[in-house]
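Colleague: Sharing a structure here in structure tokens format.
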Amino acid sequence: MAARYQISGSTSASISASVESGIRAGALAPGDALPAVRTLAGELGVSPATVAKAYQELRQRGLVATAGRHGTRVRPRPPVATRRSALAPPPRPGTRNLSAGHPDPRLLPPLGPHLAALAAEVGPPSGYASAAVLPELAAVARDRFSVDGVPAAELTVTGGALDGIERLLAAHLRPGDAVAVEDPGWANLLDLVAALGLRTVGVPVDDEGPTEPGVRAALAAGVRALVVTSRAQNPTGAAVSAERAAALRTLLAGRADLLLIEDDHAAELARVPLHPLAGATPTWAFVRSVSKPYGPDLRLAVLAGDEATVARVAGRAQVGAGWVSTVLQRLVLSLWRDPATADLVRRAADSYDRRRDGLVAALATRGVAAHGRTGINVWVPVPDETAAVTALRDAGWSVAPGGLYRIAAAPAVRVTVSSLDDADLPALADALGRAAHPTRTPPFSA
Ligand SMILES: Cc1ncc(COP(=O)(O)O)c(C=O)c1O
């Protein structure tokens, strides 16, 4: 067992929950041995029967296996039952919910007119033999990629960014392999990596993306894949700068042992230029979701990459889900081609920029160095997340504790600006300022 992970608990349920959380966080890797029942019972001050019951529960749920004198070990692909996001305290009724990380529904394009137009023009239904990536959709996606300097001779369509990333990791890595992820990074990706039985290696992020020393250290640790968020990094808002992209491209050049994945989930919503790493390594993929600009329910992303990588993702899809519905592909194509939708997405991007920049500036005047270069979130360093989340809730704001997104990064809270109004900023910034500097003495007043 990894020496650093200390199982805790005083009942069988809390002991099994502690083991599960170690697996989910990657501190207990597939194949790691759990302590012998009597040893753990002695450490925790509980009876061996309590620990035996906890191990039995974990066995029944498929998280661990017991093999005679080899003891109890974490299974190769443990099904992790709960998600990081499930650990978040539910937003308190009556507070403003700034914890969700969702786009503002008021700024998503209305689908009704596009669905009505499709109903009028769509031909006979596509069948198993004829359905695939729509050539018209691929052509528009290719044009969009080429404007941004992403080579897209080969591309396919997946059911969202996470679906594409799952297929990529499953096709290239084996349980126990290590994946370099941004720290802090997207909670759903951390969950996915754990659920695939892979290990995470955190790479520190600053406002310009994953740091060069961080990526270097992850490579030295033997990671088999690296996932980089191009823009609107969740939760910090980082965007890969031209300088950072150049440094990382040099570092990664020719690494044939590494799968490089880029996630450009903000796409049109990010108003900073894209600086892709695509093609720096022989094995790479660039995934662009439509969730943030056009709506999460569309469940569609386009994935470009080297020929073999795209073929593996598309080939695996063929023996599974098959393809992304052509009805959905036609809907996305209709949105992409509509000038009014493009205008709405531009206005949404402006609106998020204004609110995010406004909050970061309001915090700066209160002595708080928050992060939020792009996207819909602001990352606010605090000394104590639990105290900060609780104090903010008492002040009427629900925010997300940074623990959902961090491995070793410093504590913080994530504030989603998508539902904020300009008028909210002073009161919110005051409450965040107090959470960031809880011990600061208030100024004297006459
Ligand atoms: C970093 C990141 N990537 C991708 C997505 C969107 O993923 P999907 O396309 O699966 O909806 C999100 C949504 O929050 C995200 O934060």
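Colleague: Among residues belonging to segment 391-441 that are hydroxyl-bearing (Ser, Thr, Tyr) and under 20 Å from ILE376 (Cβ atoms), point out the one that is most open to solvent (accessible area, probe 1.4 Å).
Modeller: Once the filter is applied, the top-ranked residue is SER419.
Colleague: For LEU277, work out the one condition from (1) under 22 Å from PRO184 (Cα atoms); (2) within 15 Å of the ligand (Cβ to nearest atom); (3) not in a helix (DSSP H, G or I) it doesn't fulfil.
Modeller: (2)
Colleague: In segment 187-218, which residue that is more than 18 Å from ARG244 (Cα to Cα) and open to solvent by 40 Å² or more (accessible area, probe 1.4 Å) is farthest from the ligand (Cβ to nearest atom)? Step through it out loud before you land on a result.
Modeller: Taking segment 187-218 and keeping what is more than 18 Å from ARG244 (Cα to Cα), we get 187-201.
Now drop any that are not open to solvent by 40 Å² or more (accessible area, probe 1.4 Å), which leaves 188, 195, 199.
Numbers: ASN188: 7, ALA195: 14, ARG199: 20 Å.
Among them, the one singled out is ARG199.
Colleague: Next up: What pairs can you find where one residue is in segment 93-110 and open to solvent by 30 Å² or more (accessible area, probe 1.4 Å), the other is assigned to a loop (DSSP other than H, G, I, E, B) and within 13 Å of the ligand (Cβ to nearest atom), and their Cβ atoms are less than 7 Å apart, with a gap of 6+ or different chains?
Modeller: Qualifying pairs under 7 Å: HIS102/SER418; LEU108/GLY295.
Colleague: Which residue, of ALA161, ALA152, is among the hydrophobic types (A, V, I, L, M, F, W, C) and more than 14 Å from the ligand (Cβ to nearest atom)?
Modeller: ALA152
Colleague: Could you tell me whether segment 406-422 includes any residue that is part of a helix (DSSP H, G or I) and within 19 Å of GLY358 (Cα to Cα)?
Modeller: Narrowing segment 406-422 to residues part of a helix (DSSP H, G or I): 422.
Checking which are within 19 Å of GLY358 (Cα to Cα) leaves us with 422.
Checked segment 406-422: at least one residue is part of a helix (DSSP H, G or I) and within 19 Å of GLY358 (Cα to Cα).
Colleague: Find the helices (runs of 4 or more DSSP H) located wholly in segment 294-396 whose residues include 2 or more that are within 16 Å of the ligand (Cβ to nearest atom), and list them. Talk me through it step by step, then tell me what you get.
Modeller: Working: elements: 307-318, 326-337, 339-365, 385-394.
Answer list for segment 294-396: 307-318, 326-337, 339-365.
Colleague: Right, another one. With the structure loaded, tell me whether PRO78 is buried (at least 20 other Cβ atoms within 10 Å of the Cβ), assigned to a loop (DSSP other than H, G, I, E, B) and at pLDDT below 90 or whether it fails that test. Reasoning before the result, please.
Modeller: Working: buried (at least 20 other Cβ atoms within 10 Å of the Cβ): yes; assigned to a loop (DSSP other than H, G, I, E, B): yes; at pLDDT below 90: yes.
Against the criterion (buried (at least 20 other Cβ atoms within 10 Å of the Cβ), assigned to a loop (DSSP other than H, G, I, E, B) and at pLDDT below 90), PRO78 qualifies.
Colleague: List pairs: first residue in segment 232-254 and closer than 11 Å to ARG373 by Cα, second residue in a helix (DSSP H, G or I) and more than 16 Å from the ligand (Cβ to nearest atom) anywhere in the structure, Cβ distance under 8 angstrom, at least six positions apart or on different chains.
Modeller: Listed pairs, sorted by first residue: VAL240/LEU248.
Colleague: Return the residues of segment 26-52 that are surrounded by fewer than 17 Cβ atoms within 10 Å (Cβ to Cβ) and part of a helix (DSSP H, G or I); say none if nothing qualifies.
Modeller: ARG38, THR39, GLY42, GLU43, PRO48, ALA49, ALA52
Colleague: Name the residues in segment 166-186 that are within 14 Å of the ligand (Cβ to nearest atom) and either charged (D, E, K, R) or buried (at least 23 other Cβ atoms within 10 Å of the Cβ) (or both), would you? Explain how you work it out, then say what you get.
Modeller: Step one: filter segment 166-186 for residues within 14 Å of the ligand (Cβ to nearest atom), giving 166-169, 181-186.
Across segment 166-186, the qualifying residues are GLU166, ARG167, LEU168, VAL181, GLU182, ASP183, PRO184, GLY185, TRP186.
Colleague: Follow-up. Only residues in segment 346-367 that are modelled with pLDDT of 95 or more and open to solvent by 10 Å² or more (accessible area, probe 1.4 Å) count as the first member; pair them with residues that are among the basic types (Lys, Arg) and assigned to a helix (DSSP H, G or I), Cβ under 9 angstrom, at least 6 apart or cross-chain, and list the lot.
Modeller: Correct list of pairs: ARG366/ARG434.
The values are calculated or read from the model by the stated rules, or taken from the named source; none is laboratory data. These numbers were taken from a predicted model, which means no experiment stands behind them. Every residue, glycine among them, receives a Cβ derived from its backbone with ideal geometry; neighbour counts consider all protein chains shown. Areas reflect the complete protein model, heavy atoms only, side chains present, ligands, DNA and RNA absent. Shrake-Rupley method; radii C 1.70, N 1.55, O 1.52, S 1.80 Å.
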